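**Student:** Once you've had a glance at the structure underneath, I'll fire off some questions.
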Amino acid sequence: INAEYGHVQAMTSPPTLKDEQKLFKKITKQEKKELDEETYYLLATKWFKKWSDYVHEKTRERPGSIDNTSLCVEGSAKLIPGLCENYDYLLIITSHWEKLFSWYGGSPVLSRPLIQNGKEKRVEVYLLQLKFKLIKQDGSGIDKDSTKDLSVSSIVTINQLKTQACKLYDLNPKHVRIWNSTTMNLLLEDEKTLQEERIMYDHVLLLEKQKTDGTWPKSGKKKSYNIPSMIY
């Protein structure tokens, strides 16, 4: 589960004003309901206010494509720190988003999962920002120039994380394993989530690529070299 920086064109046949007024009412009523959807979408209040003016006939001008760029760091789909729900953005359910998006298109598309911590449910607005580095093939340490960033949900599994991380480096996940740089433990339980593995924001994870002879650079020895001193 990740942010998508995408754009699609609106439908060739625009909806009627009544259609839009109906959807507007549904979206505003939805705010009072309990969280029970798997996925929610962020919608910038800056754009929503323009749409509100059109829906309430304060202007005849339609708001144009959905614009969520006010929520993001320039040139990316990474959220600006410290955004507030209902002030900077609204959270809307998938069916409402899909209808609105089919009418207006726009970007970036910011989907977020519903997660549960104990009895508490919340939308994971801010995804985990992780850093990856490669272990050198000769086993001598970490390639400091290999750092790449990845934004993911805390409920993705280790297997899903490995797949996404390997895409960054064009590696085959079948021949890669992940080390937690803090504990220097291998993340071997593929179906465990990052939340269960206690992977936190700004965590550094290490990718180790299997050698052609079937062995691993680190050879499974936790203290073959001082990892922490080589990371930063």
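The values are calculated or read from the model by the stated rules, or taken from the named source; none is laboratory data. Predicted model only: the values in this text are computed from it and were never measured. With ideal geometry, Cβ positions are generated from the backbone for all residues, glycine too; neighbour counts draw on all protein chains shown. Ligands, DNA and RNA are stripped out before the accessible areas are found, and what is left, the full protein with its side chains, is counted by its heavy atoms. Shrake-Rupley method; radii C 1.70, N 1.55, O 1.52, S 1.80 Å.
**Student:** How large, in Å, is the range 70-109 by the Kirkwood hydrodynamic radius built from its alpha-carbon pairs?
**Tutor:** Over the range 70-109, the inverse of the mean reciprocal pair distance is 11.5 Å.
**Student:** Taking all protein chains in place and a 1.4 Å probe, what share, in percent, of the accessible surface of the chain do carbon and sulfur account for?
**Tutor:** Looking at the chain in its full context, I get 48 percent from C and S.
**Student:** Report the percentage of all Cα-Cα pairs in the range 40-153 whose separation exceeds 18 Å, rounded to a whole percent.
**Tutor:** 61 percent
**Student:** Right, here's the next one. Strictly over 28 Å apart at the Cα level, which of Lys26/Lys121; Lys78/Lys99; Lys99/Lys148 would you flag in this model?
**Tutor:** Flagged as over cut-off: Lys99/Lys148.
**Student:** Calculate how steeply helix 45-55 sits against the longest principal axis of the alpha-carbon atoms of the chain, using the helix alpha-carbon long axis, and give the answer as 0 to 90 degrees to the nearest 10.
**Tutor:** The helix 45-55 is inclined about 20 degrees to the chain.
**Student:** How high is the relative contact order of the range 120-189, in percent, with contacts defined as C-alpha pairs under 8 Å that are six or more residues apart?
**Tutor:** Reported as a whole number, the value is 22 percent.
**Student:** How large is the charge dipole for the chain, taken about the Cα centre, if only the Cβ atoms of Lys, Arg (+1) and Asp, Glu (-1) carry charge, to the nearest 20 debye?
**Tutor:** The calculation lands at about 200 debye.
**Student:** At 7 Å along Cα-to-Cβ for each site, give me the label-to-label distance between Ser70 and Lys25 in nm.
**Tutor:** Output for this residue pair reads 2.6 nm.
**Student:** What do you get for the angle between helix 17-30 and the principal long axis of the chain? Use alpha-carbon atoms, 0 to 90 degrees, nearest ten.
**Tutor:** Taking Cα atoms only, the helix is inclined about 50 degrees.
**Student:** For semi-axes √(5λ) of the Cα gyration tensor in Å, which listed value, [x] 30, 20, 16; [y] 26, 23, 17; [z] 43, 17, 14, comes from the coordinates shown?
**Tutor:** Here the calculated entry is [z].
**Student:** Send over a whole-number figure in Å² for the accessible area per residue of the chain, probe 1.4 Å.
**Tutor:** 58 Å²
**Student:** Take each of the peptides 167-178, 200-211, average the number of other beta-carbon atoms within 10 Å over its residues, and list them starting from the highest.
**Tutor:** Going from most to least packed, we get 200-211, 167-178.
**Student:** Between 0 and 90 degrees, rounded to the nearest ten: what's the tilt of helix 94-104 against the longest Cα principal axis of the chain?
**Tutor:** Around 70 degrees separate the two axes.
**Student:** Set Lys and Arg Cβ to +1 and Asp and Glu Cβ to -1, take the dipole of the chain about its Cα centre, and tell me which of Thr28, Ser146, Ala77 lies farthest positive.
**Tutor:** Selected residue: Ser146.
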